[in-house]
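Trainee: Structure below; questions to follow.
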Amino acid sequence: MPLYKNIPQGGWRLAKIALGGAVLTGLAVATMAYAHNKPLAPVERVELDKYLGVWYEVVRKPMYFENKCVKNITATYTLNENGNITVDNQCMGSDGQRHQSLGEAFVVNPPYNSKLKVSFLPEIVRWVPVARGDYWILKLDEHYQTVLVGEPSRKYMWILSRTPHPSEDVVNDYLAYAKSLGYELNDIIRPQHMAQ
């Protein structure tokens, strides 16, 4: 005996809605699973001289290195004497103090320059290729004003901007792109930027 035979006439609409919702939910889960299993690809090419300078963090996924950072988070990139990139991360902590982390980024896919490894080990041992985190440039506008940065496991992600308060449309566009790559966005953090 078919299961639908005992559904009251008025219940057909609810049954169709429930079935439609289940199908859409299943499609959404399958799409996310596909996006998460698909290899992550960085942008085709990055001109490092245009990428250098100050970036403001406007969105991130939680990362233990940044647990103490609550506002005015910046990353400043400069070329160093080794031809690598000096990374100067600064933020204001919940304790009201300014915190700084200095590191070095190494391009791993020249001449495309879209995949880097970053080390925050003491400068004297940074040349050792251990304890380096992936820093992949996943989306970058042609004017180098907004960037989506992530890494292959999709655990960490940042949206950086040249301005502390980019338009919400731009941020939402970058978030939608991150989601299409398989990033889960239910735990994102939006740090504040205030006059210091």
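The values are calculated or read from the model by the stated rules, or taken from the named source; none is laboratory data. Given the structure is predicted, the values throughout are model-derived calculations rather than measurements. Cβ coordinates were reconstructed from backbone atoms using ideal geometry, including for glycine residues, and neighbour counts include every protein chain displayed. Only protein heavy atoms, including side chains, enter the accessible area calculation; ligands, DNA and RNA are left aside. Shrake-Rupley method; radii C 1.70, N 1.55, O 1.52, S 1.80 Å.
Trainee: Examine segment 177-193 for a residue that is surrounded by fewer than 13 Cβ atoms within 10 Å (Cβ to Cβ) and modelled with pLDDT under 95, and state whether such a residue exists.
Mentor: yes
Trainee: With LEU181, LEU138, LEU160, LEU116 as the choices, which residue is in contact with a strand residue (DSSP E or B) (Cβ under 6 Å, 6 or more places away or on another chain) and more than 21 Å from TYR64 (Cα to Cα)?
Mentor: Going through LEU181, LEU138, LEU160, LEU116 in turn, just one is in contact with a strand residue (DSSP E or B) (Cβ under 6 Å, 6 or more places away or on another chain) and more than 21 Å from TYR64 (Cα to Cα): LEU138.
Trainee: Here is a further query. Return the total of residues in segment 68-79 being at pLDDT below 95 and of a type in the set (S, T, N, Q).
Mentor: 0
Trainee: If I filter segment 114-123 down to residues being in a loop (DSSP other than H, G, I, E, B) and over 23 Å from VAL171 (Cβ atoms), which single residue comes out as modelled with the lowest pLDDT? Spell out the reasoning first.
Mentor: As a first pass, look at segment 114-123 and keep what is in a loop (DSSP other than H, G, I, E, B): 114, 120-122.
So of that shortlist, the ones also over 23 Å from VAL171 (Cβ atoms) come out as 120-122.
Working: PHE120: 84, LEU121: 72, PRO122: 75.
In this case the residue turns out to be LEU121.
Trainee: Looking only at segment 141-157, filter to residues that are touching a residue at least 24 places away in the same chain (Cβ under 8 Å) and of a type in the set (Ser, Thr, Tyr); which one of those is farthest from CYS69 (Cα to Cα)?
Mentor: Restricting to residues being touching a residue at least 24 places away in the same chain (Cβ under 8 Å) and of a type in the set (Ser, Thr, Tyr), the top hit is TYR144.
Trainee: Next question. Has segment 176-188 got any residue that is in contact with an Asp or Glu (Cβ under 8 Å, 6 or more places away or on another chain) and part of a loop (DSSP other than H, G, I, E, B)?
Mentor: Checked segment 176-188: no residue is in contact with an Asp or Glu (Cβ under 8 Å, 6 or more places away or on another chain) and part of a loop (DSSP other than H, G, I, E, B).
Trainee: Does segment 17-27 include one or more residues that are in a helix (DSSP H, G or I) and at pLDDT 95 or above?
Mentor: No: zero hits.
Trainee: Restrict the check to segment 89-96 and report whether at least one residue is more than 22 Å from LEU181 (Cβ to Cβ) and acidic (Asp, Glu).
Mentor: So far as segment 89-96 goes, yes, one or more of its residues are more than 22 Å from LEU181 (Cβ to Cβ) and acidic (Asp, Glu).
Trainee: Next question. Regarding VAL149, is this residue surrounded by 14 or more Cβ atoms within 10 Å (Cβ to Cβ) and under 15 Å from the mean Cα position of the chain (by Cα)?
Mentor: Yes: the conditions hold for VAL149.
Trainee: Taking the criterion of being within 21 Å of PHE65 (Cβ to Cβ), in contact with a Gly (Cβ under 9 Å, 6 or more places away or on another chain), free of Cβ contacts under 8 Å to residues at least 40 places away in the same chain and polar (S, T, N, Q), would at least one residue in segment 99-111 satisfy it?
Mentor: No, because not a single residue in segment 99-111 is within 21 Å of PHE65 (Cβ to Cβ), in contact with a Gly (Cβ under 9 Å, 6 or more places away or on another chain), free of Cβ contacts under 8 Å to residues at least 40 places away in the same chain and polar (S, T, N, Q).
Trainee: Among (1) modelled with pLDDT under 95; (2) in a loop (DSSP other than H, G, I, E, B), which single condition is PRO111 missing?
Mentor: The failed condition is (1).
Trainee: Moving to a separate point now. Is segment 158-166 home to any residue that is assigned to a strand (DSSP E or B), closer than 21 Å to ASN84 by Cα and either out of contact with any Lys or Arg (no Cβ under 7 Å at 6 or more places or on another chain) or modelled with pLDDT under 95 (or both)?
Mentor: Checked against the condition, which is being assigned to a strand (DSSP E or B), closer than 21 Å to ASN84 by Cα and either out of contact with any Lys or Arg (no Cβ under 7 Å at 6 or more places or on another chain) or modelled with pLDDT under 95 (or both), segment 158-166 yields at least one hit.
Trainee: Still on this structure, I have one more. Take segment 124-154 and flag every residue that is basic (Lys, Arg) and either touching a helix residue (DSSP H, G or I) at 6+ places or on another chain (Cβ under 8 Å) or at pLDDT 95 or above (or both).
Mentor: LYS139, ARG154
Trainee: In segment 41-72, which residue that is among the hydroxyl-bearing types (Ser, Thr, Tyr) and open to solvent by less than 80 Å² (accessible area, probe 1.4 Å) is farthest from PRO166 (Cα to Cα)?
Mentor: TYR51
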